[in-house]
Amino acid sequence: QVQLVESGGGLVQPGGSLRLSCAASGSRFRFYAMGWYRQAPEKQRELVASISSSGSINYAGSVKGRFTISRDNAKNTVYLQMNSLKPEDTAVYYCNAGYGTLSTWGQGTQVTVSS
């Protein structure tokens, strides 16, 4: 079972940037579809961005042009570069690894955008 550890969250002012990282255990990382999700208080968890094992990428409309997802298979890590952050981006961000019917979540990292 793969384990995921997110890092890089924090407090940032509107217009600022953060880079989230998600490190995966094991030797099968390159086969996983990876995604970043977020959940704001009293809201449902939503997909932010995803990247397939072959490198196909999708973004939620609300972050397109501001966020960039990438993966480094040599480091077993997926990244989320977040630019031009807005207060509405405030949420707990979760990393997800998917392979067939298997789906694994990280523990989440808090991102707060506030002046």
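The values are calculated or read from the model by the stated rules, or taken from the named source; none is laboratory data. No experiment lies behind these values; they were computed from the predicted model shown. Reconstructed Cβ throughout: ideal geometry from the backbone, glycine too, with neighbour counts over all protein chains shown. For the accessible areas, the whole protein counts, side chains as well, though only heavy atoms, and no ligand, DNA or RNA atoms are used. Shrake-Rupley method; radii C 1.70, N 1.55, O 1.52, S 1.80 Å.
Applying the criterion of being open to solvent by 30 Å² or more (accessible area, probe 1.4 Å) and of a type in the set (A, V, I, L, M, F, W, C) to the residues of the range 1-17, the residue that is farthest from R66 (Cα to Cα) is V5.
Residues in the range 20-44 that are open to solvent by 70 Å² or more (accessible area, probe 1.4 Å) and among the small types (G, A, S): S27 alone.
Conditions tested, residue by residue: (1) of a type in the set (S, T, Y); (2) closer than 22 Å to V12 by Cα.
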residue	(1), (2)
V48	no, yes
S54	yes, no
V63	no, yes
T77	yes, no
V92	no, yes
A97	no, no
V113	no, yes
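Does A23 count as closer than 15 Å to L102 by Cβ, modelled with pLDDT of 95 or more and of a type in the set (G, A, S)? Answer is no for this residue.
Conditions tested, residue by residue: (1) over 15 Å from the mean Cα position of the chain (by Cα); (2) among the small types (G, A, S); (3) more than 20 Å from T109 (Cβ to Cβ).
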site	(1), (2), (3)
P14	yes, no, no
R19	no, no, no
R38	no, no, no
E42	yes, no, no
E46	no, no, no
A49	no, yes, no
K64	no, no, yes
T68	no, no, no
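Within the range 13-29, does at least one residue satisfy the condition of being farther than 24 Å from V113 by Cβ and among the polar types (S, T, N, Q)? Yes, that holds for at least one residue.
Among the candidates L47, L85, single out the residue that is surrounded by fewer than 20 Cβ atoms within 10 Å (Cβ to Cβ) and either within 16 Å of V2 (Cβ to Cβ) or aliphatic (A, V, I, L, M) (or both). Explain how you work it out, then say what you get.
Details: L85 fails: surrounded by fewer than 20 Cβ atoms within 10 Å (Cβ to Cβ).
Selected residue: L47, the only one of L47, L85 that is surrounded by fewer than 20 Cβ atoms within 10 Å (Cβ to Cβ) and either within 16 Å of V2 (Cβ to Cβ) or aliphatic (A, V, I, L, M) (or both).
Of the residues making up the range 56-82, those that are in contact with a strand residue (DSSP E or B) (Cβ under 6 Å, 6 or more places away or on another chain), open to solvent by 20 Å² or more (accessible area, probe 1.4 Å) and touching a residue at least 12 places away in the same chain (Cβ under 8 Å) are I57, A60, T68, S70, R71, N76, Y79, Q81.
For the range 88-115, the set of residues classified as within 18 Å of S25 (Cα to Cα), open to solvent by less than 20 Å² (accessible area, probe 1.4 Å) and outside any strand (DSSP E or B) consists of G106, G108, listed by residue number.
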